[in-house]
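**Student:** Sharing a structure here in structure tokens format.
Read the figures in this text as sums done on the coordinates, not as results from a lab. The shown structure was predicted, so the numbers you read here are calculated from the model rather than taken from an experiment. Reconstructed Cβ throughout: ideal geometry from the backbone, glycine too, with neighbour counts over all protein chains shown.
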2 protein chains.
Amino acid sequence: MRVKYELKHICKQSGARYGILTVGDLEIETPIFMPVGTKATVKTLSPSEIEEVSEGLILANTYHLWLTPGMDVINLHNGAKSFMQWDKALLTDSGGFQVFSLSTHRKITEEGVHFTNPRNGDKLFLTPEESIKIQHQIGADIIMSFDECPPVDSKREYMIESIDRTLRWAKRGKDVHNTDQALFGIVQGGTYLDLREYSAKKTIEIDFPGYAIGGLSLGETKKEMDDVIKHLNNILPKDKPRYLMGVGTPEDLINGVIGGVDMFDCVLPTRNARHGQIFTTEGRLIIKNKEFENDLKPLDPNLPSKISKYSRSYVRHLIRENEILGLRILTYQNLLYLKELMRQIREAIKNDRLLDFKEELKKVYNFEV
Amino acid sequence: MRVKYELKHICKQSGARYGILTVGDLEIETPIFMPVGTKATVKTLSPSEIEEVSEGLILANTYHLWLTPGMDVINLHNGAKSFMQWDKALLTDSGGFQVFSLSTHRKITEEGVHFTNPRNGDKLFLTPEESIKIQHQIGADIIMSFDECPPVDSKREYMIESIDRTLRWAKRGKDVHNTDQALFGIVQGGTYLDLREYSAKKTIEIDFPGYAIGGLSLGETKKEMDDVIKHLNNILPKDKPRYLMGVGTPEDLINGVIGGVDMFDCVLPTRNARHGQIFTTEGRLIIKNKEFENDLKPLDPNLPSKISKYSRSYVRHLIRENEILGLRILTYQNLLYLKELMRQIREAIKNDRLLDFKEELKKVYNFEV
């Protein structure tokens with residue numbers, strides 16, 4: 001098995017977990033945030049830049065790579081890492097989430113999901129076995145079970161039906177999994193705490209080296225998300241990594257960590273950057289705003305890096321003029337900030353003061369709970 | 001004077017010039033191609049990448065920087081170099097060309113040009129004195145006289161009128177020029193060889209440390225362009241640098257060099273890159289083409305660089321998916337190729353074999369003359 005996890009310390013103040021996730025040769029301190037490289041590129045950045053603003057573990061999306069460039073091209077390169085020239089660690093999702101959120105004419109059957117490729121109208125069919133097989137070919141270090149991600153407002157009856165099918169899919173995926181890639185299970189159940197518990201316990205019975213919490217950050221309230229995470233904290237095994245999918249604001253990250261989560265991913269920091277919005281140690285900035293027109297300070301004066309040489313005024317100019325260098329700089333800033341935030345969070349866990357640190361972060365990011 | 005030129009060798013085979021252009025601390029071997037950073041950024045690239053793919057001398061456009069971010073912001077940064085964090089050499093044009101090509105409701109008077117800012121409808125007025133003053137503030141090492149660039153099909157009578165006005169403008173610009181920046185004169189005259197000669201001789205009388213050939217590569221035939229350059233070769237002073245504005249294909253570059261030109265600029269290599277077209281040592285490639293889908297070779301196998309690790313197949317995928325990393329890689333390739341081409345041209349001049357080299361280049365780029 002090329003992935004191992006060791007829980008090293010539990011914060012006495014918050015219950016948050018500090019651990020080491022070993023992926024091949026890479027020892028990654030957790031909790032971490034993982035940048036998303038949907039189409040085998042973390043948008044705007046080169047591999048060496050991704051290395052600078054990550055802990056070396058990033059995501060790629062199975063659905064996107066399967067549809068384009070397609071598995072023939074990926075196989076020709078012996079996998080996505082070589083395709084994108086990324087020699088650190090990679091995680092792929094199962095494609096399930098995108099089948100449900102991006103495709104059209106979707107029909108779920110016991111066997112798998114029929115859907116139409118929105119790019120060209122092709123009829124496609126994805127099964128749990130096929131998802132695992134594709135992920136074998138993409139060759140990430142961590143791969144995910146094929147699951148259904150039902151809408152957060154799904155009726156209880158539908159949610160039960162969906163969880164049971166996802167459990168059968170998880171078992172089928174595991175049955176065909178025969179590589180040293182770490183295959184994680186995914187817990188679903190919307191905001192129904194008892195169904196989350198049911199999904200978690202049954203998924204744990206199948207036995208995976210790590211567990212993801214799916215179906216959150218999709219429209220539920222902050223309290224609902226928090227309740228689910230906290231409820232699962234007592235159910236998920238302590239000695240396995242937990243991965244909260246699709247979460248990436250400073251507020252949600254620290255709350256997830258306090259809820260016992262070790263890994264996070266989200267397109268938000270890279271997407272927001274392309275809309276001119278950045279996270280800094282001084283809070284959120286909308287860099288296009290007039291207030292930065294004459295601001296000679298770096299984007300984030302407390303976070304020195306190779307982009308510190310650019311003034312806010314210059315970056316504002318670039319963004320207003322749709323210059324690509326501006327998008328590069330803002331993407332770099334957002335990921336670097338989240339890397340630094342997670343480092344500070346890990347330090348606070350080790351020092352048993354994560355709740356104190358959360359109070360400090362609340363002042364900067366103006367959140368309540 | 002912070003700019004000096006020394007002619008070192010004339011190719012016995014072709015008459016092309018090899019020289020050293022000293023700009024501040026920088027000794028630049030000529031002929032060179034200068035990448036264009038219109039809005040204080042060479043599109044898609046960071047300053048350190050620009051350094052890798054240039055000889056350290058790049059352009060910025062006075063017209064664009066004057067309109068946005070405007071001189072207040074540029075002055076706040078003490079000039080464009082500090083604004084864009086470029087510590088090598090910079091050249092600015094006068095704004096004249098853009099006033100004629102981009103602005104609306106243009107009215108030329110003896111005093112200067114009235115026009116409307118196409119971005120916001122503001123009425124603006126640019127004079128030779130104002131252009132020089134703006135270029136003082138932008139702070140480039142080499143700056144240009146404010147000229148009119150008449151359409152290539154202008155009638156002879158209009159061309160004479162325009163040349164005479166441009167000469168008066170050149171004189172007025174020189175009269176207010178009081179810094180150590182090198183102010184170059186610009187020769188106009190369309191495709192009328194006698195008018196080109198007239199414009200050149202009168203501009204030389206005013207006396208500048210360098211001379212540009214403007215108004216070419218604007219729709220005239222290759223032969224017409226070549227005739228103008230060759231005609232001016234005998235008129236322009238041997239001991240001053242000659243700069244052919246707006247030229248940047250391999251074919252036009254080598255023909256310009258053979259016509260005695262030392263400096264070139266063009267947006268074409270950066271613009272074409274963003275349209276998926278590249279120059280390589282094997283000729284032009286349209287990287288989106290199906291033929292590259294399974295091509296594992298680097299973009300340019302004969303030009304090793306930090307982008308050689310990416311397969312053509314991967315770059316094709318990035319470009320098809322509008323991924324910014326793809327635009328970065330192609331821009332890098334195009335500028336690196338032109339840098340390498342100019343290095344090879346300089347070597348050929350020094351070895352008195354530029355015509356032989358041109359024959360080799362003709363085979364790669366399929367041009368006739």
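**Student:** When chain A is modelled as a GNM with alpha-carbon springs shorter than 10 Å, which of A:Pro250, A:Pro301, A:Pro209 fluctuates the most?
**Tutor:** A:Pro301
**Student:** Further, regarding this structure: Can you tell me how segment B:324-369 classifies by the Cα gyration tensor, rounded, prolate or oblate, using a/c under 1.5 as the rounded cut? Show your work: numbers first, answer last.
**Tutor:** Working: a/c = 5.27, a/b = 1.87, b/c = 2.82.
It comes out oblate by the Cα gyration axes.
**Student:** Normalised by the number of residues in chain A, what is the relative contact order in percent for Cα pairs under 8 Å and 6+ residues apart?
**Tutor:** Values: 733 pairs, mean separation 69.8, N = 369.
Once normalised by length, the contact order is 19 percent.
**Student:** Another question, if that's okay. Using a label point 7 Å beyond Cα on the Cα-Cβ vector, give me the inter-copy distances for A:Glu291 in nanometres, one decimal, shortest first.
**Tutor:** So the label point of A:Glu291 gives 5.5 nm to the other copies.
**Student:** Peptide B:322-330: average number of partner chain Cβ atoms within 10 Å per residue?
**Tutor:** Working: counts 2, 8, 10, 15, 1, 2, 6, 1, 0.
That works out to 5 on average.
**Student:** How charged is the neighbourhood of B:Ala273? Take every other residue with its Cβ under 11 Å from the Cβ of B:Ala273, and add Lys/Arg as +1 and Asp/Glu as -1. Please list the in-between numbers first.
**Tutor:** Values: positive: B:Lys43, B:Arg271, B:Arg274, B:Arg328; negative: none.
Residues near B:Ala273 contribute +4 overall.
**Student:** Counting Lys and Arg as +1 and Asp and Glu as -1, what is the net charge of the other residues whose Cβ lies under 9 Å from the Cβ of B:Ile108?
**Tutor:** Values: positive: B:Arg106, B:Lys107, B:Arg165; negative: B:Glu110, B:Glu148.
Computed value for this residue: +1.
**Student:** Could you pull the copy-to-copy label distances for A:Asp207, with points set 7 Å along Cα to Cβ, in nm to one decimal and sorted shortest first?
**Tutor:** 9.3
**Student:** Consider the operator that turns chain B into chain A: which B residue has a Cβ nearest its axis, and what is that gap in Å?
**Tutor:** B:Ile324, 3
**Student:** 5 Å is the cut-off here: which amide hydrogens, built 1.01 Å from N in the peptide plane, fall below it relative to A:Asp352, excluding neighbours closer than 5 in sequence?
**Tutor:** Residues meeting the amide H criterion: A:Lys12.
**Student:** Ordered by residue, what ³J(HN,Hα) values in Hz, to whole numbers, does segment A:269-284 give under the Karplus form 6.51 cos²θ - 1.76 cosθ + 1.60, where θ = phi - 60° and Gly and Pro are x?
**Tutor:** x, 6, 5, 4, 4, 6, 9, x, 10, 10, 8, 9, 5, 9, x, 6
**Student:** May I ask for the longest run of chain B untouched by GluC sites (Glu not before Pro) that are loop-located per DSSP and have at most 14 neighbouring C-beta atoms (other than their own) within 10 Å? Spell out each step's value before the answer.
**Tutor:** Working: sites that count: B:Glu110, B:Glu111, B:Glu282, B:Glu368.
Result, exposed sites excluded: B:112-281.
**Student:** Show the residues, 5+ positions off or on another chain, whose built amide H is closer than 5 Å to the amide H of A:Thr280.
**Tutor:** A:Leu285
**Student:** Most exposed first by the Cβ proxy, i.e. fewest other Cβ within 10 Å, how do A:Trp169, B:Trp66 rank?
**Tutor:** Working: A:Trp169 26, B:Trp66 23.
Going from sparsest to densest Cβ surroundings: B:Trp66, A:Trp169.
**Student:** Please label the shape of segment B:3-266 as rounded, prolate or oblate, based on the square roots a ≥ b ≥ c of the eigenvalues of the alpha-carbon gyration tensor (a/c under 1.5 means rounded; beyond that, a/b larger than b/c means prolate, else oblate). Could you put the intermediate results ahead of the total?
**Tutor:** Values: a/c = 1.56, a/b = 1.07, b/c = 1.45.
Verdict is oblate for segment B:3-266.
**Student:** Hey, another quick one. Please order B:Thr203, B:Thr109 by the number of other Cβ within 10 Å, starting at the fewest.
**Tutor:** Working: B:Thr203 26, B:Thr109 10.
Placing the least packed residue first, the sequence is B:Thr109, B:Thr203.
**Student:** Considering only the protein assembly as shown, what is the antiparallel percent among its DSSP beta bridges, to the nearest 5? Mind showing how you got there, number by number?
**Tutor:** On the way: 47 of 87 bridges.
Of all bridge pairs located within the protein assembly as shown, approximately 55 percent are antiparallel.
**Student:** To the nearest 20 Debye, how big is the dipole of segment B:1-67 about its Cα centre, given +1 on the beta carbon of each Lys and Arg and -1 on that of each Asp and Glu? Don't jump to the answer; show the numbers that get you there.
**Tutor:** Numbers: 7 positive and 8 negative charges, 71 e Å.
That gives segment B:1-67 a dipole magnitude of about 340 debye.
**Student:** Return the loop-located trypsin sites (Lys or Arg not before Pro) in segment A:32-119 (DSSP other than H, G, I, E, B) with at most 12 other Cβ atoms within 10 Å of their own Cβ; answer none if there are none.
**Tutor:** Working: sites: A:Lys39, A:Lys43, A:Lys81, A:Lys88, A:Arg106, A:Lys107, A:Arg119; in loops: A:Lys39, A:Lys43, A:Lys88, A:Arg119.
For trypsin sites (Lys or Arg not before Pro) across segment A:32-119 that sit outside H, G, I, E and B with at most 12 neighbouring Cβ atoms in 10 Å, the list reads A:Arg119.
**Student:** Apply the Karplus parameterisation 6.51 cos²θ - 1.76 cosθ + 1.60, with θ equal to phi minus 60°, to every residue of segment B:333-349 and state each ³J(HN,Hα) to the nearest whole Hz, in sequence, with x for glycine and proline.
**Tutor:** Those phi angles translate into 4, 5, 6, 5, 4, 5, 4, 5, 4, 5, 5, 5, 4, 4, 4, 5, 4 Hz.
**Student:** Same structure, new question: Can you run phi through the Karplus equation (6.51, -1.76, 1.60; θ = phi - 60°) for segment A:115-127 and list ³J(HN,Hα) in whole Hz, with x for Gly and Pro?
**Tutor:** 7, 10, 5, x, 7, 9, x, 4, 7, 10, 9, 10, 10
**Student:** Let me ask something else about it. What residues qualify as long-range amide H neighbours of B:Ile186, i.e. H under 5 Å apart, gap of 5 or more or another chain, H built at 1.01 Å from N?
**Tutor:** Under 5 Å from the amide H of B:Ile186 lie the amide H atoms of B:Ser145, B:Ala212, each far enough along the sequence or on another chain.
**Student:** How far apart are the B:Gly24 label points across copies, placing each 7 Å from Cα toward Cβ, in nm, shortest first?
**Tutor:** 4.2
**Student:** Follow-up. Got a sec? Charge dipole of chain A, +1 on Cβ for Lys and Arg, -1 for Asp and Glu; which of A:Gln135, A:Pro69, A:Thr281 is way out at the positive end?
**Tutor:** Of the listed residues, the answer is A:Thr281.
**Student:** Normalise the Cα radius of gyration of the protein assembly as shown by 2.2 N^0.38 Å (N = residues in it) and let me know the number.
**Tutor:** Compactness ratio reported: 1.12.
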